[in-house]
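The values are calculated or read from the model by the stated rules, or taken from the named source; none is laboratory data. Remember, predicted model here, so these are calculated numbers, not experimental data. Cβ placement follows ideal geometry from the backbone for every residue including glycine, while neighbour counts extend to all protein chains displayed.
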Amino acid sequence: MRRLFYLILACVYAFPVGAQVLEQTFTDETAEFKISTPNSHWHFLPRGTAPGEVRSTIRYESPVHQFVPNVTVRVEPLGDSKLKTEKLLAESLKSLPDSVELVEESKLSHRGKDGYELLLHDKDSKTVFQQWLFSAKGKVFLVTCTANAESYSRMRKDFEKILGSFEIL
C-alpha cells in the first residue's frame, strides 16, 4: 500500500494533472517571420495552402463580450523598395474608414527592426486594433491584435506577449 502511495505521488510530480502546452510557436519560412502564443488559451488557425497576405492567425479560445479576440500577421511585398516606413504609415492611415480613429501612434524598435505601434478604435464595430508595422527585407509586416473595446484592457497583456514574440527572420 505504501509503495502504491509513493508511486502515485511520483506520478503527480512527474506528470502534473493540469499540465498544458503553455506556448506554441509558428514559423513561416517563406514570409520570414515567427510568432508565438502566450498560453494555452490561444491557438493557431490552419492557414491553408494558398499564398496570401494573411500568413498567420491566432485566436482566443472563446468569445469575450461576443467577439473572439485574435491576432493576424499580414506580409506583403513592398512595391517600392525606397518607400520608407513613415510614408507607408501615412498612406495606410489615409485609407482608414471614417469610423476608425487613431488613438495612439509611436515609433518602436523591436529585435533590431524599426517600426510603428498603432492603437486604433473602430467606433461602429466597437473594436480596438493594436498594430505593429515594419518594413524589412523588401516586405511589409503588419501584426494586428483585435479585441472588443470592452475587453481590450483584459486582453492587452496577452497581446503584448504575442507581439513581443514576433520576430522577422
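Kindly establish whether LEU163 is under 25 Å from THR27 (Cβ atoms), part of a strand (DSSP E or B) and aliphatic (A, V, I, L, M). Criteria not met by LEU163. Out of curiosity, is THR72 among the hydroxyl-bearing types (Ser, Thr, Tyr), under 26 Å from THR37 (Cα atoms), modelled with pLDDT of 95 or more and within 15 Å of the chain's Cα centre (by Cα)? Spelling it out, it is not the case that THR72 is among the hydroxyl-bearing types (Ser, Thr, Tyr), under 26 Å from THR37 (Cα atoms), modelled with pLDDT of 95 or more and within 15 Å of the chain's Cα centre (by Cα).
If you take the residues of the range 41-55 that are surrounded by 14 or more Cβ atoms within 10 Å (Cβ to Cβ) and more than 15 Å from PRO69 (Cβ to Cβ), which of them is modelled with the lowest pLDDT? Going through the qualifying residues, I end up with ARG47.
The listed residues are GLU101, GLU76, and the only one of them that is over 18 Å from SER165 (Cβ atoms), of a type in the set (D, E, K, R), touching a residue at least 60 places away in the same chain (Cβ under 8 Å) and part of a strand (DSSP E or B) turns out to be GLU76.
If you go through the range 81-89 one residue at a time, do you hit one that is in a strand (DSSP E or B), within 21 Å of the chain's Cα centre (by Cα) and of a type outside the set (Lys, Arg)? Within the range 81-89 (the criterion being in a strand (DSSP E or B), within 21 Å of the chain's Cα centre (by Cα) and of a type outside the set (Lys, Arg)), the answer is no, since none of the residues qualifies. Screening ARG154 with (1) more than 16 Å from THR85 (Cβ to Cβ); (2) outside any helix (DSSP H, G or I) gives one miss only, at (2). From the list SER151, SER92, the one residue that fits, being over 24 Å from PHE44 (Cα atoms) and of a type in the set (S, T, N, Q), is SER92.
Take the residues of the range 79-90 that are free of Cβ contacts under 8 Å to residues at least 40 places away in the same chain and among the small types (Gly, Ala, Ser): which is farthest from PHE141 (Cα to Cα)? Here the answer is ALA90.
For PHE159, the stated conditions hold: it is touching a residue at least 60 places away in the same chain (Cβ under 8 Å) and either out of contact with any Gly (no Cβ under 7 Å at 6 or more places or on another chain) or more than 29 Å from ASN39 (Cβ to Cβ) (or both).
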